[in-house]
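The structure under discussion appears below in the form of structure tokens.
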């Protein structure tokens with residue numbers, strides 16, 4: 001037992017990871033076992049040696065790297081055969097390259113794999129040593145941007161602004177499981193053997209192969225799912241026994257109970273049921289469904305309060321909006337925006353409801 | 001940690017003055033570790049070089065934003081990891097993405113015997129032990145001992161717990177230590193006989 005402890009503490013000491021208490025504990029152990037001293041000394045010596053390094057290899061690699069920067073027309077308006085030191089762009093070119101990168105990134109997938117974070121399964125966290133070692137893929141979109149992702153099973157997910165989709169390495173082995181924060185439109189590849197499950201904070205959705213939209217922004221009052229085709233089975237957190245089957249053109253709305261209402265009076269007024277199923281309304285003109293229009297790069301809203309619309313605008317345009325008047329907050333709007341700038345959008349709204357606005361860098365204040 | 005400070009300095013020189021010499025220095029400083037790490041994921045020298053080069057292109061491109069990184073060594077490793085995984089995904093090699101499939105090539109087996117108070121026999125024995133460490137153990141040992149990452153950082157890269165890193169390091173050290181330990185117990189017994 002003390003041996004195991006010794007090796008853990010000793011390797012921590014060598015890696016400069018040991019705390020003061022751990023160092024003391026180690027001293028204690030070593031003191032009890034003077035016969036380890038020789039091994040300890042040698043290991044310390046071994047540890048302090050730097051591995052042999054081949055500088056030529058690094059220099060060669062650097063030249064190849066510069067060559068690649070050039071070949072990839074990274075600095076495309078550079079004449080050929082410039083000396084190495086001139087391959088570097090000046091400030092202006094840097095900006096152009098930055099733009100190119102942004103475009104390239106958008107074309108590539110437009111998504112940022114923000115890195116992989118350790119997955120601590122909540123169930124296992126209760127002191128169990130066998131913590132599940134997940135390998136999490138995380139795809140997230142920034143505010144003001146969207147992206148389309150293809151999952152390993154061929155399913156396609158469009159992620160709306162400010163959203164995050166994660167799945168682990170087990171994905172597709174027995175079942176296909178993903179977690180979503182924010183909004184996504186799922187076109188799930190058919191596979192009856194491997195159900196596709198989407199976890200959100202308020203609901204879990206189980207599907208076999210279908211297309212539907214899920215809107216689960218943590219800051220929103222509700223979590224919604226709208227079914228376009230096929231069928232899905234939804235279970236609501238805290239109500240594990242109830243399974244709700246949605247049919248095409250239905251939308252399920254679940255109140256996010258753990259969202260604390262900012263004002264007490266709202267709680268009294270709010271008579272909406274915890275869970276409701278509504279019919280999706282198709283536009284009489286082109287029979288489109290508002291809930292999925294964002295996939296086509298259209299921001300569609302029907303009879304929405306200015307307050308809710310402001311939240312959509314914040315995500316769509318990546319800007320902070322404050323409405324400084326409670327009557328304006330409740331004003332209702334319908335409409336569609338696609339390529340409009342935020343100012344054009346606001347001016348369009350002003351046609352039906354008079355208000356004024358002020359833009360300071362990344363914030364808009366709306367007032368009477 | 002002093003290395004992180006050095007890299008922070010280089011990154012700020014790159015960001016503030018577009019300093020190409022600093023950029024080159026950073027490349028030379030990190031290249032072998034990063035390309036070895038990429039290789040352990042991709043198992044292709046060519047792809048590994050390309051990934052490191054791509055990461056360094058991004059470093060130049062995003063240089064203005066890279067001045068405030070807490071742990072740049074870890075940042076570079078994480079960037080190489082993500083880039084490598086993207087590459088595997090684009091090559092439709094999803095199966096290789098999980099970290100248990102990563103295979104580290106260790107450098108520390110090529111140490112200079114003259115600097116150590118050990119017999120050639122012992123050194124050969126140690127090299128053999130290091131070379132036959134289990135894959136996960138080697139990967140952890142490589143990241144901590146050779147690449148200078150913190151336990152927490154290695155754990156994050158490999159998607160394992162810090163406790164697992166601790167355990168894997170202990171296994172590696174114990175195995176190497178055993179080569180010496182056996183020797184020492186032999187010596188101790190002969191000495192005691194003499195007395």
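So here's what we get for this one:
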item: Of all residues making up the range A:36-87, the number that are modelled with pLDDT under 55, at the interface with chain B (Cβ under 9 Å from one of its Cβ atoms) and either surrounded by 15 or more Cβ atoms within 10 Å (Cβ to Cβ) or farther than 28 Å from residue B:36 by Cα (or both); result: 2
item: Some residue of the range A:252-272 being at pLDDT 75 or above and over 25 Å from the mean Cα position of the chain (by Cα); result: no
item: Tabulated pairs, the range A:173-184, first at positive phi, second outside any strand (DSSP E or B), C-beta under 7 angstrom, 6+ apart or interchain; result: A:182/A:160; A:182/A:162; A:182/A:163; A:182/A:217
item: Candidate set: the range B:127-151, residues that are at pLDDT 90 or above and surrounded by fewer than 21 Cβ atoms within 10 Å (Cβ to Cβ); chosen: the one nearest to the other protein chains (Cβ to nearest Cβ); result: B:150
item: Residue list for the range B:152-170, restricted to those being under 16 Å from the mean Cα position of the chain (by Cα), surrounded by fewer than 22 Cβ atoms within 10 Å (Cβ to Cβ) and under 28 Å from residue A:38 (Cβ atoms); result: B:166
item: Members of the range B:27-38 that are more than 10 Å from every other protein chain (Cβ to nearest Cβ) and surrounded by fewer than 22 Cβ atoms within 10 Å (Cβ to Cβ); result: B:36
item: Residue list for the range A:14-32, filter: surrounded by 15 or more Cβ atoms within 10 Å (Cβ to Cβ), free of Cβ contacts under 8 Å to residues at least 24 places away in the same chain and either facing another protein chain (nearest Cβ under 10 Å) or in a loop (DSSP other than H, G, I, E, B) (or both); result: A:15, A:17, A:18
item: Pair list, Cβ under 6 Å, 6 or more apart: the range A:339-368 residue touching a residue at least 24 places away in the same chain (Cβ under 8 Å), other residue surrounded by fewer than 14 Cβ atoms within 10 Å (Cβ to Cβ) and part of a strand (DSSP E or B); result: A:365/A:322; A:365/A:358; A:367/A:356
item: Single residue of the range A:152-183 satisfying the filter (part of a strand (DSSP E or B) and within 14 Å of chain B (Cβ to nearest Cβ)) that is nearest to residue A:363 (Cα to Cα); result: A:166
item: Residue identified as within 30 Å of residue A:310 (Cβ to Cβ) and out of contact with any helix residue (DSSP H, G or I) (no Cβ under 8 Å at 6 or more places or on another chain) among A:196, A:212; result: A:212
item: Top-ranked residue in the range A:316-325 [being modelled with pLDDT under 85 and not in a loop (DSSP other than H, G, I, E, B); ranked as farthest from residue A:364 (Cα to Cα)]; result: A:316
item: Residue within the range A:128-136 that is at pLDDT 80 or above and either on the phi > 0 side of the Ramachandran plot or assigned to a loop (DSSP other than H, G, I, E, B) (or both) present; result: no
item: Residues being surrounded by fewer than 19 Cβ atoms within 10 Å (Cβ to Cβ) and within 9 Å of another protein chain (Cβ to nearest Cβ) - total across the range B:39-59; result: 2
item: Of residues in the range A:142-151 being in a loop (DSSP other than H, G, I, E, B) and modelled with pLDDT under 85, the one nearest to the other protein chains (Cβ to nearest Cβ); result: A:142
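The values are calculated or read from the model by the stated rules, or taken from the named source; none is laboratory data. Every value quoted in this text rests on a predicted model; they were computed, and no experiment measured them. Note that we place each Cβ from the backbone using ideal geometry, even for glycine, and neighbour counts take in every protein chain shown.
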